[in-house]
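Chemist: One structure, pasted below without further comment.
The values are calculated or read from the model by the stated rules, or taken from the named source; none is laboratory data. Just so it is clear, the structure is predicted and the values come from calculations on it, not from any experiment. Positions of Cβ are generated from backbone atoms using ideal geometry, with glycine treated the same way; all protein chains shown enter the neighbour counts. All accessible areas refer to the heavy atoms of the entire protein, side chains included, with ligands and DNA or RNA removed. Shrake-Rupley method; radii C 1.70, N 1.55, O 1.52, S 1.80 Å.
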Amino acid sequence: MWMTTPDAGRSVWLNAILQQLWPHLNDAICRILRTGVEAQLRRIVSGKAGITDIVFNEIDLGERAPTLAAIKGSDVENAAMLDIDLVWPSQLVARIGVQFFKGRLTTVPIRLDRVTLRAPFRVTFGPLTGRFPLFEALEISMLRAPQLDLNLELIGSSLASHLGVMPVIERGINRALCNLMLAPKALHIDVMDG
């Protein structure tokens, strides 16, 4: 966005604040991933490559916060809106349990790490109010599908016995994110009670 939209600004100070808030955001985002993305992923991959269930056994986003590469504010009625070009070479580590049915139920642990995400996001603060924190909710959406690069590896299992699983899970993660947040859909977070 920075190069193609000259009125977008860089925000070193906002990135510094994001890094300070990151331990708390890490916890909150992990809860969202467990509830929203896990359910979407389960729905998407179930029945493919012999998968019957999938669950995040452990997830941590690491110590490195995403970088807001470019940011632009927009005027909209009764809300404040930011378009953000987010870049995140993360330290995310997740252990995913994948369950198969091949005559008997088998759970295979998969390690997900070295995730790199780049996507344009829109964050809308609104509706605006006359009380602090001055807005009732946040809505976060991706303006287009993310560029997502990730590493998946089977833990203590033969890759050959589950060859079709990795691409199914990779595509599933990308689709789950899009199903939750690709505009016009948005992740809605209430900030104030009615």
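Chemist: Checking the conditions here, which among ASP27, ASP53, ASP75 is open to solvent by 40 Å² or more (accessible area, probe 1.4 Å), in a strand (DSSP E or B) and free of Cβ contacts under 8 Å to residues at least 24 places away in the same chain?
Modeler: ASP75 is the lone residue from the list that is open to solvent by 40 Å² or more (accessible area, probe 1.4 Å), in a strand (DSSP E or B) and free of Cβ contacts under 8 Å to residues at least 24 places away in the same chain.
Chemist: Continuing with the same structure: From (1) surrounded by 15 or more Cβ atoms within 10 Å (Cβ to Cβ); (2) without any contact (Cβ under 8 Å) to a residue 60 or more places away in the chain; (3) farther than 22 Å from ASN78 by Cα, pick out the condition that doesn't hold for PHE135.
Modeler: Exception for PHE135: condition (3).
Chemist: Sort out which residues of the range 161-189 are at pLDDT below 90, of a type in the set (A, V, I, L, M, F, W, C) and open to solvent by 40 Å² or more (accessible area, probe 1.4 Å), and write them in order of number.
Modeler: LEU163
Chemist: Among the numbered conditions (1) modelled with pLDDT under 95; (2) part of a strand (DSSP E or B), tell me where ARG131 comes up short.
Modeler: (2)
Chemist: When both residues are 6+ apart or on different chains and their Cβ atoms are under 7 Å apart, which pairs have a first residue that lies in the range 145-158 and is over 22 Å from LEU180 (Cα atoms), and a second that is at pLDDT 90 or above?
Modeler: none
Chemist: Go through the residues of the range 88-102 one by one and say whether even a single one is buried (at least 18 other Cβ atoms within 10 Å of the Cβ), out of contact with any helix residue (DSSP H, G or I) (no Cβ under 9 Å at 6 or more places or on another chain) and assigned to a strand (DSSP E or B).
Modeler: yes
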